[in-house]
Amino acid sequence: MRLPFLSTAALALALPLQPAASLAADLSAWRLFVADRAEPKVTVVDALAGTILDTFTLREPASLVRSESGRTVFAVQGDAGVVTAIASGISFEDHGDHGDIDVEAPKLTGTELSGRKPSHLVEHDGAFAAFFDGEGVARIISEKAVLGGSSDVSEVSTAAPQHGVAVAYGAHVLLSEPNAEKPDALPVGIRTVDAKGVQVGDVAACPDLHGEASSGNLLVFACATGLLVVTHGDGAPQIRHLPYADGLPEGKATTLLGGRGLQYFLGNYGPDKVVLIDPTADKDAFRLVDLPMRRVHFAVDSVRPRFAYVFTEDGQLHQLDVVAGRIANSLKLTEPYSMDGHWNDPRPRIAVAGDHVVVTDPLQGKLHLVDAASFARAGEIAVPGKPYNIVSVGCSGRIHETE
Amino acid sequence: MSRMLKLAAAVSAMTLFPAMLATASAENLKVVASFSIIADFAKNVGGDRVDITTLVGPNGDAHVYEPKPADAAAVAAADVVLVNGLQLEGFLQRLVEASGTKAPIVELSKGGEVLKIADEPHPHEEDDDDDHAAGEAGHAEGGQHAHEEGHHHHGEYDPHAWQSVRNAEVYVKNIADAFCAADAAGCDGYRANADAYGRKLGALDAEIRAAIAGIPADKRSIITSHDAFGYFEHDYGLAFLAPEGVSTESEASAADVAALIRQIRDDKASAIFVENITNPRLIEQIAGETGLKVGGELYSDALSDAGGPAATYIDMMRHNVATIKGAILGS
Ligand SMILES: [Zn+2]
């Protein structure tokens, strides 16, 4: 089914008798991919209709990563040693003045990336690099290959098994450098290799490397000392170290997200804070935001660049204004989910789907919908089991009109 | 140590501009300029009644700029937002949305002589525009017809209108209008400043024409990195070729580069230049393959920093003309 649509203004002109809002809804498609905490399955939900479209069986409960294009969702199953690719069924082509959405049934593409203990999966410019901690190996594959069902990867090895990360960065690969003295510890830097696997330049130091994100043309890694900031240099990636500001309290980010529409990074910082980072800023590169309770999860809004969301253990969802650098709204959604216990215990996770912020409530077996504009409850969707990790893909017909 | 150095630098800046600091106040008009050339125009019109925040600074590339939360905060707090328009600022819409600003967004190229993009044919474009423009019932199926894959809609117009000094005069007039609308009490001053600066621009235009007149007609073809000089070509009679199109967003194709190299080898170019906003590598490569010597650096879409040769718009145009002339006549 192909649904070409025009921008809202163009629609209003072309179909003057119908309200544009209802048309926009007709022309939107949003899907939620929800991994269960207890069962090896991913449930696909039509976010607009509130119905379950399909359920895919995996080897074990997974963490999920969606591609930039939204065409692919990866289910990473660390102990089972496999990354399974799912075609979301939604593809979108931006033609500037209008866009085309293609909607098909979601399906397993047939691509499986196998190896010992896959962990981080990172996309850069349409190439995915899955890092296999148990081998210290990155397996790289393009989105085109994945959608075609191929499992043919190129491999790049590091010196030792590690809880690592790799980024396929144009003609180069950025690889975490294992800690040679303490094999169980986090990596200590980033090594750049060329297409032949030959090291380019020095290893950029990044003690306790954990966390990576892209926003616009910037790629960053989180270190105990600050961030590594990667840009396209002259012939090879250029890496600089941005130290944490002197005024920051003790702490570090270990999970980073990249802003969409605005260029910034959002990270955890201690148990009850988040940090907003603009690596290009001369002053206030790091802005700390205090939370009322310990943090459970956070997400950026890909539709409304001004906002990000944080869930805290008291069951509240907070709307974070990334421009003002403060919590703008809070909404009680679930029973408390204490951060005591294992990090991977079932707790709420956040995704943004069109006009809604969606929060999983694993112990109640449902998703909460919050209207992103009014920040009020907007319904629930029952999902059997313990709905836990969640990603959304889709398009709301919000084409940015360039006049 | 580094803090003390910074403090010292700040103090010396203060002593250099005591008048500006003395008059800057909360009463001043808060102006956001999308890039450095517009900021210079705004400074000339606004004088000490305006505080200007520049989004894309010296040597920055507005085509590919990524707006930051601080930019959204500046736009949110602005009384007037000055932009080029013609799709130069691809980031504008999302920045304005994120800011939630109520300030007028003023497109300074409006009312200027605007050039269509010449050498990029878009066969569907006319049809599409007709569909969008026509509101009549006959187009009720407009939302349903199929669109071909790979059809990309770029800007229809060349955004680099400031490379014509006559257009720069229009920008300045538009700024004065915008400032008057936002600050009626300062209007007489803005108009007087705009007139005075406009006379300087008039003289600059004449100066450029005179300088170009000294270049032989068969030596007026030059190479730059991207198609930023269409207006300069149109107004002053030089021919510019570039491996990249009117936006730096898409990289030059190998075929475009090969075609350009063939043209140069057929003796179609007298000089080649790097630009301040783009990586010089491609131009250096083309120069190396064709035996042309890089004739210097042109300032296309941004000023230099304060200590550079193009710290103001007038200095930028003079520097470009002198650099072009020097390279052609020196060769
Ligand atoms: Zn340009």
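Identify the single condition in (1) of a type in the set (Val, Ile, Thr); (2) within 14 Å of chain A (Cβ to nearest Cβ); (3) more than 16 Å from the ligand (Cβ to nearest atom) that residue B:274 does not satisfy, given that it satisfies every other one.
Tallying (1) of a type in the set (Val, Ile, Thr); (2) within 14 Å of chain A (Cβ to nearest Cβ); (3) more than 16 Å from the ligand (Cβ to nearest atom), residue B:274 fails exactly one: (3).
Taking region A:217-247 only, how many residues are at pLDDT below 95 and on the phi > 0 side of the Ramachandran plot?
So the answer is 1.
Condition check: part of a loop (DSSP other than H, G, I, E, B), modelled with pLDDT of 95 or more and crowded, with 19+ Cβ neighbours inside 10 Å. Does residue A:253 satisfy that?
yes
So, of the residues in region B:287-300 that are part of a strand (DSSP E or B) and within 16 Å of the ligand (Cβ to nearest atom), which turns out to be nearest to the other protein chains (Cβ to nearest Cβ)?
B:297
Write out, first by first residue and then by second, each pair whose Cβ atoms fall under 7 Å of each other, whose residues are 6+ apart or on separate chains, and whose first residue, in region B:218-230, is more than 15 Å from residue B:279 (Cβ to Cβ) and within 14 Å of another protein chain (Cβ to nearest Cβ) while the second is assigned to a loop (DSSP other than H, G, I, E, B) and within 15 Å of the ligand (Cβ to nearest atom).
Listed pairs, sorted by first residue: none to list.
Please determine, by comparing only the residues of region B:306-316 that are in a loop (DSSP other than H, G, I, E, B) and closer than 23 Å to residue B:328 by Cβ, which one is nearest to the chain's Cα centre (by Cα).
So, considering only residues that are in a loop (DSSP other than H, G, I, E, B) and closer than 23 Å to residue B:328 by Cβ, the one nearest to the chain's Cα centre (by Cα) is B:310.
Any residue at all in region A:343-362 that is surrounded by fewer than 16 Cβ atoms within 10 Å (Cβ to Cβ) and touching a strand residue (DSSP E or B) at 6+ places or on another chain (Cβ under 8 Å)?
Within region A:343-362, none of the residues are surrounded by fewer than 16 Cβ atoms within 10 Å (Cβ to Cβ) and touching a strand residue (DSSP E or B) at 6+ places or on another chain (Cβ under 8 Å).
From the list B:282, B:260, B:303, exactly one residue is touching a residue at least 12 places away in the same chain (Cβ under 8 Å), within 16 Å of the ligand (Cβ to nearest atom) and assigned to a helix (DSSP H, G or I). Which is it?
B:282
Which residues, taken from region B:98-135, are at pLDDT 50 or above and facing chain A (nearest Cβ under 9 Å)?
Listed by number, the residues that qualify are B:98, B:99, B:100, B:107.
Examine region B:246-255 for a residue that is within 16 Å of the ligand (Cβ to nearest atom), of a type in the set (A, V, I, L, M) and farther than 22 Å from residue B:44 by Cβ, and state whether such a residue exists.
Looking through region B:246-255, at least one residue is within 16 Å of the ligand (Cβ to nearest atom), of a type in the set (A, V, I, L, M) and farther than 22 Å from residue B:44 by Cβ.
Only one of B:268, B:200 is touching a residue at least 40 places away in the same chain (Cβ under 8 Å) and either assigned to a loop (DSSP other than H, G, I, E, B) or within 14 Å of another protein chain (Cβ to nearest Cβ) (or both). Can you tell me which?
Only one candidate qualifies: B:268.
Could you tell me whether residue B:233 is free of Cβ contacts under 8 Å to residues at least 12 places away in the same chain and within 16 Å of the ligand (Cβ to nearest atom)?
It is true that residue B:233 is free of Cβ contacts under 8 Å to residues at least 12 places away in the same chain and within 16 Å of the ligand (Cβ to nearest atom).
Please go through region A:139-169 and pick out each residue that is among the small types (Gly, Ala, Ser), more than 24 Å from residue A:88 (Cβ to Cβ) and within 20 Å of the chain's Cα centre (by Cα).
Once the filter is applied, which keeps residues that are among the small types (Gly, Ala, Ser), more than 24 Å from residue A:88 (Cβ to Cβ) and within 20 Å of the chain's Cα centre (by Cα), region A:139-169 yields only A:164.
Look through region A:263-292, keep the residues that are touching a Ser or Thr at 6+ places or on another chain (Cβ under 8 Å) and facing chain B (nearest Cβ under 10 Å), and return whichever of them is surrounded by the most Cβ atoms within 10 Å (Cβ to Cβ).
A:264
Filtering region B:47-80 down to residues that are within 16 Å of the ligand (Cβ to nearest atom) and hydrophobic (A, V, I, L, M, F, W, C), which residue is farthest from the other protein chains (Cβ to nearest Cβ)?
B:62
Among the residues of region B:81-93, which ones are of a type outside the set (D, E, K, R), more than 9 Å from every other protein chain (Cβ to nearest Cβ) and either within 13 Å of the ligand (Cβ to nearest atom) or surrounded by fewer than 23 Cβ atoms within 10 Å (Cβ to Cβ) (or both)?
B:83, B:84, B:86, B:88
For residue B:194, state whether it is away from chain A (no Cβ under 14 Å), more than 16 Å from the ligand (Cβ to nearest atom), modelled with pLDDT of 95 or more and more than 20 Å from residue B:294 (Cα to Cα).
yes
Which of the residues spanning region A:45-70 are part of a loop (DSSP other than H, G, I, E, B), in contact (Cβ under 8 Å) with a residue 60 or more places away in the chain and either surrounded by fewer than 20 Cβ atoms within 10 Å (Cβ to Cβ) or under 14 Å from the mean Cα position of the chain (by Cα) (or both)?
Correct list: A:48, A:50, A:67, A:69, A:70.
Given the conditions (1) in contact with a helix residue (DSSP H, G or I) (Cβ under 7 Å, 6 or more places away or on another chain); (2) outside any helix (DSSP H, G or I); (3) aliphatic (A, V, I, L, M), report the number of the one that residue B:246 does not fulfil.
(1)
So residue B:214 ticks every box in (1) at pLDDT 95 or above; (2) surrounded by fewer than 21 Cβ atoms within 10 Å (Cβ to Cβ) but one. Which box is left unticked?
Tallying (1) at pLDDT 95 or above; (2) surrounded by fewer than 21 Cβ atoms within 10 Å (Cβ to Cβ), residue B:214 fails exactly one: (1).
The values are calculated or read from the model by the stated rules, or taken from the named source; none is laboratory data. No experiment lies behind these values; they were computed from the predicted model shown. When we count neighbours, we look across all protein chains shown, and the Cβ atoms used for this are built from the backbone with ideal geometry, even at glycine.
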